[in-house]
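Derivation of every value follows stated rules applied to the coordinates shown; laboratory data play no part. No experiment lies behind these values; they were computed from the predicted model shown. Using ideal geometry, Cβ is built from the backbone for each residue, glycine included, and neighbour counts are taken over all protein chains shown.
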Amino acid sequence: MSEPVRLMRPYMTFEDVEEDFRAVFSSGQFTRGAHVDAFVKDIKHYTGAEHAFLATSATTALWVALKCLGIVAGDEVAVADFSFPATANVVEDLGAIPVFVDVDLDTFNMSPADLAAKITPKIKAVIFVDALGNPTGLHEIQAVCRQHGIPLIEDAACAIGSTERGVRCGGIADITCFSFHPRKLLNTGEGGAITTNRADWADWLRVKLMHGADGMRGLCLDFIDYGYNFRLPELQAIMGRKQLTQLDAIVANRNAVRQAYVEQLAPIGFMPQRIGDDVLHNVQSLVFRVPKNLDRNALVHYLKTKEIETTLGTYCQSGTTYFSKKYADVQPRAMQLEATTITVPCYEGVPVTRVCDEIIRFAQSPGRAKTPSNG
Ligand SMILES: Cc1ncc(COP(=O)(O)O)c(C=O)c1O
């Protein structure tokens with residue numbers, strides 16, 4: 001029996017971090033130490049952003065970004081609809097109203113035309129999502145935002161290492177949020193980061209992310225404001241730093257794996273997410289649209305019986321039970337993508353031909369074609 005094929009595999013071993021971990025245990029400096037400082041510098045250097053801050057996740061990073069922009073209850077925030085629901089959840093949590101913007105069926109990213117049609121004076125920010133790590137169209141959305149004077153938040157949870165027009169994610173939008181969850185290319189267990197080029201926002205973040213303290217008042221911290229703690233500890237910073245040095249090589253390899261899948265699956269009509277000519281996609285997730293005549297759910301189940309882990313692309317946020325009940329504004333293209341996309345395992349050493357052969361076997365076996373009754 002061949003090995004099970006997992007959807008994602010960590011790019012790091014314990015041995016990679018063991019020495020530095022031991023040093024942290026010896027020193028007792030588990031937080032706010034040299035590794036955290038160095039990781040922040042590394043992120044700035046890598047993304048080209050002027051300011052960077054660490055966070056416990058992309059969710060907390062996005063929440064803080066909205067607070068930083070002054071989003072309050074009753075404001076509207078335009079949100080790319082094809083995303084993990086954390087994107088809209090943070091808007092909702094602040095009492096603001098997510099205005100779901102439909103996506104392009106090929107790139108899976110926010111449609112500039114739909115955004116332009118939905119902009120009103122009530123929209124106080126736009127959240128562009130690099131769907132599955134793909135920043136295609138980010139600069140175009142930025143132009144729409146600039147034209148209307150609306151700040152642009154980039155939900156780059158999946159996009160560390162991706163570029164558009166030669167600029168890395170993190171150095172493009174007004175404020176960018178990353179995730180370091182284990183499904184992401186840079187995995188710190190849980191974790192995240194915020195980058196911005198705005199000095200005033202960086203000042204706000206520096207104080208707020210330090211419980212509201214700014215320097216010292218005698219022996220004490222000087223709490224000039226109230227604030228929060230979403231800090232990433234030293235051990236996580238060690239993991240992040242190690243992987244950042246390998247990221248470009250990992251991205252190059254994932255693109256080679258992607259190409260092999262694209263070539264093998266094209267003959268049966270599997271359409272990969274479209275990547276712009278001026279984009280380097282980190283291929284955080286490799287997602288295809290399944291041809292109309294095939295049942296995506298049945299395919300995922302079939303592959304599971306062959307010990308190949310796959311899943312849907314991502315979610316139509318406006319179609320979740322919560323958001324569809326509350327706003328009744330389901331976006332049709334995002335919903336179509338939720339229902340018809342598949343994420344396949346993509347990393348160095350993945351048995352591409354074995355996975356593709358099973359997909360092709362499924363597609364070509366009699367009785368697999370959808371009937372009206374099976375959707
Ligand atoms: C686009 C997007 N935004 C936000 C998140 C939330 O990230 P985290 O798990 O770091 O909070 C995810 C997680 O998958 C995501 O894919």
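Taking 0.36 nm per residue of separation and subtracting the Cα-Cα distance, full extension of the segment from Arg146 to Lys325 would add 61.2 nm.
Build a GNM of the chain with springs between Cα atoms under 10 Å apart, and of Gly171, Gly70, Gly349 the one that fluctuates most is Gly349. Per-residue 3J(HN,Hα) values for segment 336-347, derived from phi via the Karplus relation 6.51 cos²θ - 1.76 cosθ + 1.60 with θ = phi - 60°, read 4, 5, 4, 7, 10, 9, 9, 9, 10, x, 9, 6 Hz in sequence order (x marks Gly and Pro). Placing pseudo-labels 7 Å out from each Cα toward the beta carbon at Ala113 and Arg22 gives an inter-label distance of 6.1 nm. What residue among Glu164, Glu18, Glu190 has the largest mean-square fluctuation in a Gaussian network model of the chain, using Cα springs under 10 Å? Ranking Glu164, Glu18, Glu190 by mean-square fluctuation puts Glu18 first. Would you kindly calculate the mean projected area, averaged across all directions, of the convex hull enclosing the Cα atoms of the chain, in square nanometres? Result: 20.5 nm².
The phi-based Karplus calculation (6.51 cos²θ - 1.76 cosθ + 1.60; θ = phi - 60°) puts the 3J(HN,Hα) values of segment 19-32 at 4, 5, 4, 4, 5, 5, 5, 5, 7, x, 8, 8, 9, 6 Hz, whole numbers, x for Gly and Pro. I'd like the orientation of helix 138-148 relative to the chain: the angle between its Cα long axis and the longest Cα principal axis, in ° from 0 to 90, rounded to 10. Taking the Cα atoms of the chain, the angle to 138-148 is about 60 degrees.
The count of lysine pairs in segment 14-244 that are at least 8 places apart or cross chains, and whose C-alpha atoms lie under 20 Å apart, stands at 9.
Basic side chains Lys and Arg get +1 at the Cβ, acidic Asp and Glu get -1 at the Cβ, and with that the dipole of the chain about its Cα centre reaches some 640 debye. With the highest mean first, a sort of the peptides 256-267, 313-324, 204-215 on other beta-carbon atoms found within 10 angstrom per residue produces 313-324, 204-215, 256-267. Annotation: peptides 74-85, 217-228, ranked by per-residue average of other Cβ atoms within 10 Å with the highest first, follow the order 74-85, 217-228.
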